[in-house]
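This report concerns only the one structure given below.
Throughout, read-outs are computed from the coordinates displayed, never taken from laboratory work. The structure displayed is predicted, hence computed values, not measured ones. Here the Cβ positions follow ideal geometry from the backbone for every residue, glycine too, while neighbour counts run over all protein chains shown.
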Amino acid sequence: MSFLTKISQLFSKNNSNQRLGIAFQHQGVSLCSIPQQKSDHVVDEKTEAKVIFEHEKANSANFPRAIQALHNKSDLEGNACLVLNEAQSQIVQIDKPSLPDAEMNSALKWQIKDLVSISPNNMVLDYYDAPILAGGKEKINVVCASLDELKKLVEATEQGAVKVNAITTQEFAFANLLAPKSDANLLVCQQPNEEIVLLIVKQNKIFFQRRLRGFSQIGNKSAEELSFSVIDDIGLEIQRSTDYFERQLKQAPIKEIKVLLPIKLENLFIEKLAENSIVPVSLLELPQPYHQHREYAAAIGASLDNVPYDKEAEVLAGVNL
């Protein structure tokens, strides 16, 4: 297993070499269709012709219509991974029940029913292990979504030679862009008009995730506004996150900060953030030749092959149908 959990037990497999990432955002749907590859590989130049990047403006009620428009624009094929936005999924942390894995998902629906707004009868969920605090109980993070909504999205997506084989969230799509590292990295990620996401990733495992409210329009800020207020505020949240990671989770300090903000002043943001950081701050690079499509980062992360890693570090993500 890996960041993008496969759900092939209900979805038929597709032999196409194309991989599709479809990311749902508050103001539209982004599509990335690229040849199969891993996050740390450069694509074969011979396969570059079958590359598609498209975006359709839409609100959540019109997502199926937006997917249809993407089908109409391009001759799509391949295995697709859907990336849910924060409004489409909910996550809660609970004590891990003492149950066999085969019984876990069905039991969790009823255990979290009072913690989320989705009815157990309309709930699709999966879970992944949460880092254990020193002397604390074993906990899990449960991710759930509406079955009715997912059915509509899958039905709209599965046309012609397109098959859905995975569903995930933005956090795991972003994390899948980071090549495997034994040291902890903090990621500062955003997609256009979305809130900023902070992630701490170590050995392909998400140890910490948090959304920073109030920064969805960071792309409209001037250099002066970034330099004297916005970066200071984000820097403070980064410090709080690293303090929790090191002191509460008893982890070694992060080694690097990686930034993925599809804004014109991204390099200035990195420069100013580095001035107040004791660890290196650099760009979170996207796989070439797609490195210029930073506004499609979540879709790209979802379209990459799973990055293999040791089974002991396994993290379950996505939603098993």
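A few notes on this one:
- For region 219-258 and region 144-215, distance of Cα centres in Å: 20
- Considering only G235, G136, G301, the mean-square fluctuation computed in a Gaussian network model of the chain, springs between alpha carbons under 10 angstrom, is largest for G136.
- Each residue, K250 and V51, gets one label point 7 Å from its Cα in the Cβ direction; the gap between the two is 4.7 nm.
- Listed peptides 18-26, 196-204, 50-58 appear in the order 18-26, 196-204, 50-58 once ranked by packing, highest mean of other Cβ atoms within 10 Å at the front.
- Among V230, Q159, Q248 the positive-end extreme of the charge dipole of the chain (Cβ point charges): Q159
- Taking label positions 7 Å along the Cα-Cβ direction at both K139 and Q203, the computed distance is 2.0 nm, reported to one decimal.
- Percent of beta bridges antiparallel (DSSP, region 178-284, rounded to nearest 5): 60
- Overall dimensions of the chain as given by Cα atoms, namely Rg and Dmax in Å: 19.1, 55
- Packing-based order for 81-89, 214-222, using average beta carbon neighbours within 10 Å, highest first: 81-89, 214-222
- Coordinate range of the alpha-carbon atoms in region 55-139 per principal axis, descending: 54, 25, 25 Å.
- Beta bridges assigned by DSSP with both partners in the chain are antiparallel in approximately 65 percent of cases.
- Net charge of neighbours whose Cβ lies under 14 Å from the Cβ of S106, counting Lys and Arg as +1 and Asp and Glu as -1: -1
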